[in-house]
Amino acid sequence: MTIKNKLVLLSFFSNQNLYIPIKVLFFVKYMATYSEISAFKFFFVFAMLFLEIPSGLLSDKIGNKKIVVAGRTFLIFALLLIILSKNIMGFYVASTLLGISASLESGSLNSYQIGLGDKYNFNFSNLMVKIAKYNTIISVLFTITSSFLYAVSSELPFIITILLLLATWLMIVFGLPSYEKERRKKEEFFSK
């Protein structure tokens, strides 16, 4: 499978979050009040905004791929914590982890994908336009599907999302190369 095809799969699987449409229902099921649910969102947004700039600096230092992997790891742990803890404190911690994940992945994933496109001679931005058309259709189908899955089991949308995220994590770690090393060599050359 080519790098371009792997990036298409990565984009499709990365954007399919079956848990988002039913997350509030899940929290209410486990006795979270609407005020607490709003506070979960605050913890998410605060962590995301607070770490946005440091995560970008860290990405520049150690590389986009490593930051994307770290962000994906935080996301998987957050979703696992939600379905395993099923209590208010666990939801607060998970919301914070979701914010950390979002801050790590926000610019790093696109930078990583664009860098790979440059390295392998294709324009990732043009590819994203094509992906976006199909992604919307798939997202709508997944949104409809998530309510049916929730009716079967409240944890099922989370579990399927975790499995999709694990697939993307494995694809990033083992199936996609880094490009930062070449960039650093060029920066070192030009800084002399």
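The values are calculated or read from the model by the stated rules, or taken from the named source; none is laboratory data. Just so it is clear, the model here is predicted, and its values are computed rather than measured. Neighbour counts run over all protein chains shown; Cβ positions are idealised from the backbone, glycine included. When the accessible area is computed, the model is the full protein with side chains, heavy atoms only, and any ligands, DNA or RNA have been set aside. Shrake-Rupley method; radii C 1.70, N 1.55, O 1.52, S 1.80 Å.
For the reader, a short list of remarks on this structure follows.
- A dipole drawn for the chain from +1 and -1 charges on Cβ atoms has a positive end, and of W169, A151, S139 the residue lying farthest that way is W169.
- The angle between the Cα long axis of helix 34-62 and the main principal axis of the chain comes to about 10°, on a 0 to 90 degree scale.
- Mean ellipticity per residue at 222 nm, deg cm²/dmol - from DSSP H runs of n ≥ 4 across the chain, formula -39500 (n - 2.57): -27500 deg cm²/dmol
- Per residue, the accessible area of the chain comes to 56 Å² when a 1.4 Å probe rolls over the protein heavy atoms.
- Filter on K41/K133; K66/K86; K65/K133; K66/K119; K41/K86; K6/K66 - keep pairs with C-alpha separation over 19 Å: K41/K133; K66/K86; K65/K133
- Distance between modelled label sites at S125 and T33, nm, 7 Å Cα→Cβ extension: 4.9 nm
- Scattering profile of the chain at q = 0.11 Å⁻¹ [log10 I(q)/I(0), Debye over alpha-carbon scatterers]: -0.54
- Over the chain, Cα pairs under 8 Å with separation of 6+ residues give a relative contact order of 35 percent.
- For the chain, the longest principal axis of the Cα atoms and the long axis of helix 180-191 meet at an angle of about 50 degrees.
- Gap separating the Cα centres of region 51-102 and region 138-152, nearest whole Å: 24 Å
- Cα centre as origin, Lys/Arg/Asp/Glu Cβ charges: region 57-192 dipole, Debye: 360 debye
- When the chain is treated as a Gaussian network with alpha carbon springs shorter than 10 Å, the biggest mean-square fluctuation among K65, K130, K86 belongs to K130.
- Gyration tensor (Cα) of region 1-111, equivalent ellipsoid semi-axes in angstrom: 27, 17, 10
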